[in-house]
1. Condition test on residue 156, is it modelled with pLDDT under 65 and either of a type in the set (Phe, Trp, Tyr) or closer than 28 Å to residue 339 by Cα (or both)?
2. Do we have residue 350 as within 15 Å of residue 153 (Cα to Cα) and open to solvent by 10 Å² or more (accessible area, probe 1.4 Å) here?
3. Criterion first (in a loop (DSSP other than H, G, I, E, B) and within 21 Å of residue 357 (Cβ to Cβ)) does residue 117 satisfy it?
4. Starting from region 184-211, keep only residues that are without any contact (Cβ under 8 Å) to a residue 60 or more places away in the chain and at positive phi, then list their pairs with residues that are among the hydrophobic types (A, V, I, L, M, F, W, C) and assigned to a strand (DSSP E or B) whose Cβ atoms are within a distance under 9 Å, requiring at least 6 positions of separation or different chains.
5. Mind checking which residues of region 311-326 are farther than 19 Å from residue 115 by Cα, out of contact with any Lys or Arg (no Cβ under 6 Å at 6 or more places or on another chain) and open to solvent by 30 Å² or more (accessible area, probe 1.4 Å)?
6. Name the strands (runs of 3 or more DSSP E) wholly inside region 53-110 in which the number of residues that are open to solvent by less than 50 Å² (accessible area, probe 1.4 Å) is 3 or more.
7. Which pairs turn up if I take residues in region 139-165 that are farther than 22 Å from residue 51 by Cβ and look for partners that are among the basic types (Lys, Arg) with beta carbon separation below 6 Å, at least 6 apart in sequence or on another chain?
8. Whether any residue in region 126-133 is farther than 30 Å from residue 346 by Cα and either in contact with an Asp or Glu (Cβ under 6 Å, 6 or more places away or on another chain) or among the polar types (S, T, N, Q) (or both) is what I want to check.
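The values are calculated or read from the model by the stated rules, or taken from the named source; none is laboratory data. Bear in mind that the values here come from a model prediction, so they are computed numbers and not experimental data. With ideal geometry, Cβ positions are generated from the backbone for all residues, glycine too; neighbour counts draw on all protein chains shown. Areas reflect the complete protein model, heavy atoms only, side chains present, ligands, DNA and RNA absent. Shrake-Rupley method; radii C 1.70, N 1.55, O 1.52, S 1.80 Å.
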Amino acid sequence: MARKTHRPDDILWTITDEHIQHVQSVNAGGSDATMVTLGSLLDTMYPRKAMTKLFEEKLIHVNSHKANPHTVVTVGDEVWIAMAKEKIDYSPAPMDLVVLYEDEDLLIVDKPAGLTVNSQNQISLANGVAQYFQDHGIKRKIRFLNRLDRDTTGCIVIAKSGLAQSLYQQQMDNDTFEKWYRATVEGVLVEPQGSLEFPMRKSADGIHYEVHSNGVMTRTDYKVVVPNHDSHAIIKNEMLDTASVDISRHLPGVVDKSVSNCGVIVDNVDNSVDNIEPNVGNISAAGDNSVYNCEDNHRNIPVNSGTTAVDIRLWTGKTHQIRVAFSHCGHPLVGDTLYGAQPTGKPFKLRAVRVIFNHIRTGQRIEVRV
């Protein structure tokens, strides 16, 4: 429903000559290059589906007047995109949320272990976010931009509007929105870094996921972590020149110093979105090499041979992707008994430690860490 007053999270901006020129360049060859409509302008800036909904709800204005896609615009006109008021779509439940970042469009919190993101018929993180929204007067639906398993901890990103969800989803689709993880796996990885490319699908038991030629192609990149002087289980967060430091391979009481230079260490993570290959049965050369290296170098390494801490970036977002990829290579995550690890009595070691994205209002590159 339309309203007459601005709220802090509304989007207001003035059309510039650059805006007009960009639309005209995109639509070169049109019958009247001097005429620019609001719809053609917004098409160059926002997802059309999100704009269609806002137009239907009469929430887009030009110079404070309701506008439609055919409204002609020019330099100096003020565009006002009002954010719709919505009903919170989960039952609020008190929860001690650790807020890592918040602006008009996003809320990023640190999910604890043992809590699902939004499971039905049980208290989940969504209920705690609903309580937070209610307490802070945020009258919006809860839109998760990523998911974490029950025992995975770290950065969970919530969009506060459908427009924000669409814009940040675009960044995930084109790999601009980065999600990084930190994990500890069984055994000592032979290579200091690598790319694991496998087709994955849900197994017949409906619980596990597995590497299978009929699955969706996935890509998991990793680098072995640089140890901290006090504890080799802690990753240094800064980008490091690894020519001067040791790589972290942890034998019981021993740090393997056989590799001292592997290039620049990445800081951490997860996914973009599923990039489904048209022919998932044809694994790329990189994927074939990953499988070969896994099977020849990493298989059947006993847990007492130590552990390795790794930073991970997912280029795709298949369920359990990190867990399946490393298990397939004979290096399940420490404590991940579902995928073949030795029991430790504790949750498996996987944490979403960092997200990086372009702010949709300012364009600034934002990095959020736990």
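1. Details: modelled with pLDDT under 65: no; either of a type in the set (Phe, Trp, Tyr) or closer than 28 Å to residue 339 by Cα (or both): yes.
No: the conditions fail for residue 156.
2. Details: within 15 Å of residue 153 (Cα to Cα): yes; open to solvent by 10 Å² or more (accessible area, probe 1.4 Å): yes.
Spelling it out, residue 350 is indeed within 15 Å of residue 153 (Cα to Cα) and open to solvent by 10 Å² or more (accessible area, probe 1.4 Å).
3. Details: in a loop (DSSP other than H, G, I, E, B): yes; within 21 Å of residue 357 (Cβ to Cβ): yes.
So residue 117 passes the test.
4. Taking only residues 6 or more apart or on different chains, not a single pair turns up.
5. Listed by number, the residues that qualify are 317, 318.
6. On the way: elements: 60-62, 78-81, 99-102.
Ranges flagged: 60-62, 78-81.
7. Within 6 Å, the pairs are 148/111; 153/111; 153/351; 154/351; 156/111.
8. For region 126-133, residues farther than 30 Å from residue 346 by Cα and either in contact with an Asp or Glu (Cβ under 6 Å, 6 or more places away or on another chain) or among the polar types (S, T, N, Q) (or both): absent.
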